[in-house]
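Quick note: the coordinates plus some simple rules give every number you see, no bench work behind them. None of these values were measured; they are calculated from a predicted model. All Cβ positions, even for glycine, are placed from backbone atoms using ideal geometry, and neighbour counts span all protein chains on display.
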Amino acid sequence: MSTQVPPLRRNQDFLLLWTGTALSNLGSHASAVAYPLLVLALTGSPADAGLTGFVALLPQLLLQLPAGVLVDRCNRKQVMIWADVLRALALGSLVLALLAGRLSLPHILAVGFIEGSLAVCYRIAAAAAIPNVVHSSQLTAAMSRSEIRVRGSAMLGQPLGGLLFGLGRAVPFLFDILTYALSLVTLLLIRKDLQSDRGGTRRQGGFTEGLAWLWRQPFLRTTTLVVAGSNLLFGALFLVLIVIADDLGASPSAVGVMLGIGAVGGVLGSLLAPAIKSHLSMRVIVVGANWAWALLLPLLLLAPGPYWIGAIFTLMSFIGPIWNIAISSYQLAITPDRIQGRVLGASGMIAMGGVPIGPLAGGFLLEQVGATTSLWLLAAWMLALAVVATVSPSVRHAPALPSAATTGPQSASAPAAAAR
């Protein structure tokens with residue numbers, strides 16, 4: 001006889017995992033803003049600041065697959081603990097060098113790359129752990145709360161990073177170290193295992209097993225490739241919108257408000273995504289999201305000022321969490337736990353691999369053809385992605401999210417295991 005499943009708000013292990021990851025993300029976003037500000041203050045070179053951002057994001061492209069193997073073959077809780085400890089130590093070396101007046105650009109680049117690499121390991125481990133701390137019937141709700149955490153930490157962390165940097169160059173990095181320490185405490189308090197199989201089967205399988213498994217899933221293969229294209233687009237669009245706002249005479253503070261309005265849209269989308277998803281099929285979500293983005297992009301050219309751009313960008317940001325929660329819930333539900341990390345690493349490498357390239361592509365377009373033509377080219381790219389999503393047979397026959405019944409009967413006290 002099964003026990004009634006308690007709500008997520010009473011699931012202590014999930015709350016600890018959520019809180020620790022939220023704190024870790026908050027500090028990371030604050031220091032991410034501080035890195036380029038620090039480089040500009042030390043060298044005065046925008047090129048050096050851009051290089052710092054690129055190096056910090058490079059692990060998203062290079063290390064997703066090896067991080068996935070690490071998460072599957074090692075204790076996930078220990079991976080997250082060591083990620084917090086090593087990130088705090090790396091940032092501590094930066095703070096000490098800064099206070100001693102001996103900080104150099106290579107040191108900043110090294111710390112940024114190390115922190116970015118460990119962040120990839122932490123993120124994959126935290127995502128792979130979710131099906132093991134919540135009941136299968138609560139997976140969509142758990143992913144919604146995770147998406148709120150991601151959007152909220154970005155919305156709060158970015159302005160906080162600038163504010164803390166104004167108080168002192170080392171302050172945002174000290175704050176980031178504090179968040180890693182608090183995250184470490186929450187991890188130590190988690191009681192459940194963060195993987196369902198602690199035996200030898202978890203260590204079997206090759207480096208590319210997750211990629212091969214993902215490629216054999218037609219729906220996930222198509223949606224991962226489509227989101228890779230849209231992530232590349234949004235990476236370029238971010239810079240293009242800043243230039244367009246500047247051309248309209250917007251002040252730096254107005255540009256900040258413009259981007260902040262967009263972040264609010266992401267948080268609202270995360271809150272409403274479970275209710276929206278319950279009324280829409282996967283096919284409608286995938287096709288509808290891409291067509292909505294394709295139709296909204298040209299409207300940015302008609303915006304008379306930065307706040308109108310922010311309003312349109314809010315609508316675009318609202319759509320993203322609905323897509324993310326629907327697809328990630330499905331992927332986590334059907335992926336065998338023993339390869340969960342490798343599948344997350346493979347999908348992350350493909351989907352997020354274009355993120356470091358997006359700003360470079362946006363800068364090249366702006367330099368060559370200007371802001372208006374750049375936006376039209378990005379709109380054409382988004383239109384092509386929408387057409388691909390519409391005509392794809394795997395999307396036309398998109399599956400439903402597996403229910404608790406299809407993932408196997410579980411009691412409330414048992415960790416949810418992914419379907420096999």
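Okay, here's what the table says:
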{"quantity": "For the chain, built as a Gaussian network whose Cα springs stay under 10 Å, the top-fluctuating residue of Ala311, Ala351, Ala32", "calculated": "Ala311"}
{"quantity": "Debye-sum result for segment 8-200 in log10 I(q)/I(0), which assumes one identical scatterer on each alpha carbon, at q = 0.10, 0.17 Å⁻¹", "calculated": "-0.41, -1.09"}
{"quantity": "Residue with peak Gaussian network fluctuation, the chain [Cα springs, cutoff 10 Å], from Gln138, Gln12, Gln340", "calculated": "Gln12"}
{"quantity": "Estimated inter-spin distance, Val369 and Phe238, nm [label 7 Å along Cα→Cβ]", "calculated": "2.2 nm"}
{"quantity": "Spin-label model distance (nm) - Ile357 vs Ser45, 7 Å beyond Cα toward Cβ", "calculated": "2.6 nm"}
{"quantity": "Length-normalised contact order of segment 8-200 in % [C-alpha pairs under 8 Å, at least 6 apart]", "calculated": "45 percent"}
{"quantity": "Residue-by-residue Karplus 3J(HN,Hα) for segment 171-182, coefficients 6.51, -1.76, 1.60, Hz, glycine and proline x", "calculated": "4, x, 6, 5, 4, 4, 4, 4, 5, 5, 5, 5"}
{"quantity": "Relative exposure of Ser347, Ser93, judged by other C-beta atoms within 10 Å (fewest first)", "calculated": "Ser93, Ser347"}
{"quantity": "Most mobile of Gly235, Gly249, Gly354 in a GNM of the chain (Cα contacts under 10 Å)", "calculated": "Gly249"}
{"quantity": "Relative contact order of segment 12-103, defined on C-alpha pairs under 8 angstrom at six or more residues apart (%)", "calculated": "15 percent"}
{"quantity": "Dipole magnitude (debye, nearest 20) for the chain, charges at Cβ of Lys, Arg, Asp, Glu", "calculated": "1260 debye"}
{"quantity": "Per-residue Cβ neighbour rank within 10 angstrom, fewest leading, Val343, Val55", "calculated": "Val55, Val343"}
{"quantity": "Two-decimal Rg/Rh across segment 117-243, once Rg and the Kirkwood Rh are taken from alpha-carbon atoms", "calculated": "1.02"}
{"quantity": "Overall dimensions of the chain as given by Cα atoms, namely Rg and Dmax in Å", "calculated": "21.2, 67"}
{"quantity": "Leu299-Leu62 FRET efficiency (beta carbon distance; Förster radius 35 Å; 0.05 resolution)", "calculated": "0.45"}
{"quantity": "Column: log10 I(q)/I(0), Debye, Cα scatterers of segment 205-404, q = 0.12, 0.13, 0.14 Å⁻¹", "calculated": "-0.63, -0.74, -0.84"}
{"quantity": "For segment 357-391 and segment 30-77, distance of Cα centres in Å", "calculated": "25 Å"}
{"quantity": "Cα→Cβ-extended label distance, 7 Å offset, between Arg396 and Ala100, nm", "calculated": "6.5 nm"}
{"quantity": "Over the chain, relative contact order from alpha-carbon pairs under 8 Å, at least 6 apart, %", "calculated": "29 percent"}
{"quantity": "Modelled FRET efficiency - R0 56 Å, Leu377 with Leu189, Cβ distances, 0.05 increments", "calculated": "0.65"}
{"quantity": "Estimated FRET transfer efficiency (Leu280, Val387; beta-carbon r; R0 35 Å; 0.05)", "calculated": "0.95"}
